[in-house]
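To start, the structure itself, in structure tokens.
Just so you know, all these numbers are worked out from the coordinates, no wet-lab data involved. On a predicted model such as this, the values are computed, not experimentally measured, just so you know. Methodologically, a virtual Cβ is constructed for each residue, glycine included, from the backbone with ideal geometry; neighbour enumeration extends over all protein chains shown.
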Amino acid sequence: MVRVRPARLLAPRSVAVVGASTRPGSYGNQAVANLVTAGFPGPVYGVHPTARDVHGVSCVPTIGDLPIAPDALVIATPAATVPGLLRQAGERGCGGAVVLAAGFAEIPGGRALQDDLRRTALAHDLPVCGPNGNGIVSVVGRAPMWGDAYLPRRPGPVALVSQSGNVAVNALLSRRALRLHTVVSCGNQAVLNASDYLAALAELDGVRSVALYLETEDPGLPAALALAAGHGIRVAVLKAGSSERGAAAASAHTGAVAGDHRVLKALVEEAGGAWARNPHELLESSKALSQVGRHSPAHGRMHDAGHGDGVLVVTCSGGDAAVAADEAARLGVLLPALDAVTVERLKSLLPGTATAANPLDYTAVVFGETRRTADIITAAGDDPAVGVVLASYDRPEEMDAEQTEAWDAALNGITDAAARLDVPVVVAATLPELMPEATAEHLIDLGVIPVAGLTEGLVCAHAVTARFDPRRLREIAACAPRSPDRWLREVEGKALLKAHGVAVPRGAVAENAEEAEALLKELGTVVVKVDSADVRHKAAEGGVILGVSTEQDLERALRQLPPPVLVEEMIPQGVEVMVSVRYDAVTPVVVIALGGAWVEVFDDAAVVPLPVTPERVAGAVQKMKAARLVPDIRTLARTAVAIADMTRQEGFALVEVNPVILRGRTATAVDAVICRARPAGP
């Protein structure tokens, strides 16, 4: 289905408020007041059966009476009236509608009304924001189509799309030098999803980053992220709630190891985005990412490609340096060692009590010495391993003249260094309240990234160094998810794996005891397994008997598992790894995790969106905590790619091979759970 596009809604040149009201406190009254207060530059009209004007805005009785077809309607009337009003809006040729009312699918019995709303909107190609949301604010266009109180603010390059109205409200109220371009409160997303807004925002002038607060899965995200990357726009994402895992993956170990959160995180990281843990991180990360385009062409990096991806932490406090090192280790943020040339440069600049290292504590002795501070940060920031500088700076809100002079001098040292360096500089307060808004605004004006919080500073510094490849993202978006259908017997799956070049144990299905005895004689020590497509966790359900080496062992095994059974040779012990390919998430991925039967306990996984190459898989495995246990990463990577190719070619929704036993340069698929995909509908 071709989706409607919200371009006119996001940048309206004319607005009408349906349900404009003279009653203070009502949505219709507030929506008109917001447009007047913001100084919306285009025509504004009210629609009300009897009112002549609201806040000086002229009103007409019906949508059909409007003198023009406005780009945007704000509908501030009860839920039951909305489908009919949308029909009128479509017939009038309006550009779209913001529906503020609640009472739709979010309540029992409201689904039918929301379905009616959606059918009406799509019949007229009418983009609708909501229902049950706060609306849209084009800060840059002075167009607050918003049901709550709104105070005009300085516009900038950050857009926010939120499925939580409160997150959007708080972003508009925050004071952190977050220069917003557009804010969208999605509500129930009856017509438009978050990905629709992201795709449209990517094509608006002035947007450099987008913050996404998501509560539901959105199949349009891969394509929207690819489009955003093509425009050099970076994305920060906060995914809230425990999402339902893909139906196929939840039936295997894959769902526990690589649920939908982890898959989405892998996708966001491919897009060079930031994965936030809370709204504070979301807003700080999007602010940081919005500075990318100010420093260099936005395709990929905001700094010289000759530099590394490491973070240099500079501070005048040993305590801050220690905490930063601990937090960086916890977050997986690289703090590279400084090279010998850098260390020599720093020796002539640092006090005798300071050590040239990363984190770099230049000590309180230097605090307030502008030139010396700038020289130290410049010398360290020029290190080839450094991709971004994180400077710690705490500024009290209230200071006397002497303190102000010292703190200004210290900050000037940081900003002077930033002007010299060709890598970005992040200035982070250790506590959020020690980054006053005036200081943050000053830093933004100078092209320096202000962040409230040391941990958040590390997150943001790491994010701005991320690489991304728009072509790779387009390839990811082209891999369409699949819905699960029918599970295969293990013997069927093993035959397909073997046909695609993956080694499997020798064996066959024994229909009776005599066939089982013949296989025992042929294969030596064997494994006996239940032969059923309905049993996925065979070992957990008592469906696997290991080490069957004698006729007596086999007799006992067949009493526990009556034929037909799968009888296979026993593979010698090795490193056990799960290799899984799932097509039932927001984007298809290959998952590699250590552990075999213990895979959920170890929780150490690499998740890589498809398509993949051996080199890409190997790079992801090398980042795992257990990578050093893998005897040959290239063998594992080639096996994973072969399984991914088979999954694609055979049209499967899920393939989970657990374990793959690694011994030297061999990899054997010992167990396999495979689910075919449902045939695509019309």
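D for the range 506-569, whole µm²/s, Stokes-Einstein with Kirkwood Rh over alpha-carbon pairs at 4 °C and 1.567 mPa s: what number?
Numbers: Rh = 11.3 Å.
In µm²/s, the coefficient is 115.
Tell me, what is the percent relative contact order of the range 548-619, built from C-alpha pairs under 8 Å that lie six or more residues apart? Walk me through the numbers on the way to the answer.
On the way: 66 pairs, mean separation 14.0, N = 72.
RCO, the range 548-619: 19 percent.
Could you tell me, in Å, what Rg and Dmax come out for the Cα atoms of the range 524-682?
Reported Rg and Dmax, both Å: 16.8, 56.
Between Arg277 and Arg471, what FRET efficiency follows from the Cβ-Cβ distance if R0 is 25 Å, with the result rounded to 0.05? Spell out each step's value before the answer.
Details: r = 30 Å, r/R0 = 1.19.
Result of the calculation: an efficiency of 0.25.
Could you work out the pair-distance distribution P(r) of the chain from its alpha-carbon pairs, with 10 angstrom bin width and percents rounded to whole numbers?
Final binned percentages: 3, 14, 20, 19, 17, 14, 8, 4, 1, 0.
Taking θ as phi - 60°, what are the ³J(HN,Hα) couplings along the range 88-98 by the Karplus curve (6.51, -1.76, 1.60), each to the nearest whole Hz, with x for Gly and Pro?
Those phi angles translate into 5, 5, x, 5, 7, x, 5, x, x, 9, 10 Hz.
Give me a comma-separated list of calculated 3J(HN,Hα) values for the range 105-120, in order, Karplus coefficients 6.51, -1.76, 1.60 applied at θ = phi - 60°, integers in Hz, x for any Gly or Pro.
5, 6, 10, x, x, x, 4, 4, 5, 5, 4, 5, 4, 5, 4, 5
In which sequence would Glu555, Glu217 go, from the one with the fewest C-beta neighbours within 10 Å to the one with the most? Display every interim value, and only then the final one.
On the way: Glu555 13, Glu217 17.
Taking fewest neighbouring Cβ atoms as first place, the list is Glu555, Glu217.
With Rg and the Kirkwood Rh both taken from Cα atoms, where does Rg over Rh land for the range 8-167? Walk me through the numbers on the way to the answer.
Values: Rg = 14.5 Å, Rh = 15.5 Å.
Result for the range 8-167 is an Rg/Rh of 0.94.
In sequence order, what are the phi-derived ³J(HN,Hα) couplings for the range 430-435 according to the Karplus relation 6.51 cos²θ - 1.76 cosθ + 1.60 with θ = phi - 60°, rounded to whole Hz, with x for glycine and proline?
Couplings: 5, 10, x, 6, 9, 10 Hz.
Between His442, Ala356, Ala391, whose Cα lies farthest towards the positive end of the dipole of the range 303-464 when Lys and Arg beta carbons carry +1 and Asp and Glu beta carbons carry -1, centred on the Cα centre?
Result: Ala356, furthest along the dipole toward the positive end.
Distance between the C-alpha centers of the range 645-660 and the range 413-486? Whole Å please.
Result: 36 Å between the Cα centres.
What ranking do 498-508, 348-358, 14-24 get when scored by the average of other Cβ atoms within 10 Å per residue, highest first? The partial results should precede the final answer.
Numbers: 498-508: 16.7, 348-358: 15.2, 14-24: 22.4.
Packing order, densest peptide first, comes out as 14-24, 498-508, 348-358.
Please give the calculated 222 nm ellipticity per residue for the chain, where each DSSP H segment of at least 4 residues contributes -39500 (n - 2.57) and the sum is spread over every residue; nearest 500 deg cm²/dmol?
Helix-only estimate at 222 nm: -10500 deg cm²/dmol.
FRET efficiency for Asp400 and Glu437, Cβ-Cβ distance as r, R0 = 25 Å, nearest 0.05? All intermediate terms of the calculation are to be shown ahead of the outcome.
Numbers: r = 21 Å, r/R0 = 0.82.
After rounding, the FRET efficiency stands at 0.75.
Can you give the % of DSSP beta bridges in the chain that are antiparallel, to the nearest 5?
Details: 51 of 100 bridges.
The antiparallel proportion sits near 50 percent.
Can you tell me the relative contact order of the range 506-569? Whole percent, Cα pairs under 8 Å, sequence separation 6 or more.
On the way: 98 pairs, mean separation 33.9, N = 64.
Value for the range 506-569: 53 percent.
Sorting Tyr45, Tyr362 on the 10 Å Cβ count, fewest up front, what's the list? Kindly include the intermediate steps, with their values, before the conclusion.
On the way: Tyr45 22, Tyr362 26.
The order, fewest Cβ neighbours first, is Tyr45, Tyr362.
What residues of the range 495-521 lie in the reach of a label at Glu551, counting those whose backbone N is under 11 Å from a point 7 Å from the Cα along Cα→Cβ?
Only 517-518 pass the distance filter.
Across the chain, how many lysine pairs separated by 8 or more positions, or lying on different chains, have Cα atoms within less than 24 Å?
Step by step, the pairs that qualify in the chain add up to 14.
Sorted from fewest to most neighbouring beta carbons within 10 Å, what does the list Arg648, Arg628, Arg678 look like?
Details: Arg648 17, Arg628 8, Arg678 13.
Ascending Cβ contact count within 10 Å gives the list Arg628, Arg678, Arg648.
Below 8 Å between Cα atoms, with a sequence gap of 6+, how large is the relative contact order for the range 375-446 in percent?
Values: 63 pairs, mean separation 33.3, N = 72.
Result for the range 375-446 is 46 percent.
Run a plain Debye calculation on the range 312-452 (Cα atoms as equal point scatterers, no solvent) and give log10 I(q)/I(0) at q = 0.12, 0.17, 0.21 Å⁻¹, rounded to two decimals, same order as the q list.
Values returned for q = 0.12, 0.17, 0.21 Å⁻¹ are -0.43, -0.90, -1.41.
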